[in-house]
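The values are calculated or read from the model by the stated rules, or taken from the named source; none is laboratory data. These numbers come from a predicted model, not from an experiment. For neighbour counting, all protein chains shown are included, and Cβ atoms are generated from backbone atoms with ideal geometry for every residue, glycine included.
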Amino acid sequence: MAGDLPDYYFRVRENGAIVFRVDTENRQRRIDMEQIAAVNIRKSEIKPHGERELTEADIAAITAWMDERLKLIEHRDIDDILRAIDYLNTTTHWIQSRATDEQLDQVTDALLLAMHDLRTVLVRKKADRLLNETSQQA
């Protein structure tokens, strides 16, 4: 089991992770995890824990983790949006086929406002992209 463990463990938190070095090479054959750094993904910061100095291997492992984590977050963001599209479609079907008047009274205003807000932002962003494409071609 110990041979299969990674050298580093990343305790994920909202904006990054706490980084631990995993040690299984001790006399008690226990798993020891020593905190070595804190990572802030949004700011691309790596802060050593306490007075510790990170090795090149530490920094390389943390940087690789940060790159992979950013890719995963980006993938999840797109997946969430694609899932939201599915929810909109199933919501439309529910409204059209099964919703009662009371249920519609509960959700109509909130849905209309959310959809209006979404549409406004999408239209503005698309117009901005089209203007940028036109200005870059000129």
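Residues of region 98-138 being hydroxyl-bearing (Ser, Thr, Tyr) and either in the same structural domain as residue 85 (by TED's automatic domain parsing) or at pLDDT 95 or above (or both), which ones? Scanning region 98-138 gives 100, 108, 120.
For residue 81, the requirement of being modelled with pLDDT of 95 or more, surrounded by fewer than 11 Cβ atoms within 10 Å (Cβ to Cβ), among the hydrophobic types (A, V, I, L, M, F, W, C) and out of contact with any Cys (no Cβ under 6 Å at 6 or more places or on another chain) is met. Only a single criterion out of (1) loosely packed, with under 14 Cβ neighbours inside 10 Å; (2) part of a loop (DSSP other than H, G, I, E, B) is not satisfied by residue 104, namely (2).
Taking region 17-40 as the search range and keeping residues that are within 11 Å of residue 5 (Cα to Cα) and among the β-branched types (Val, Ile, Thr), which one is farthest from the chain's Cα centre (by Cα)? Only one residue fits best here, namely 24. Scanning region 71-116 for residues that are among the acidic types (Asp, Glu) and within 26 Å of residue 15 (Cβ to Cβ) returns 74, 77, 79, 80. When residue 61 is tested against (1) touching a residue at least 12 places away in the same chain (Cβ under 8 Å); (2) not in a helix (DSSP H, G or I), just one condition goes unmet, and that condition is (2). Listed by position, the strands (runs of 3 or more DSSP E) enclosed by region 1-51 that each have at least 2 residues that are over 21 Å from residue 72 (Cβ atoms) and among the acidic types (Asp, Glu) are 32-40.
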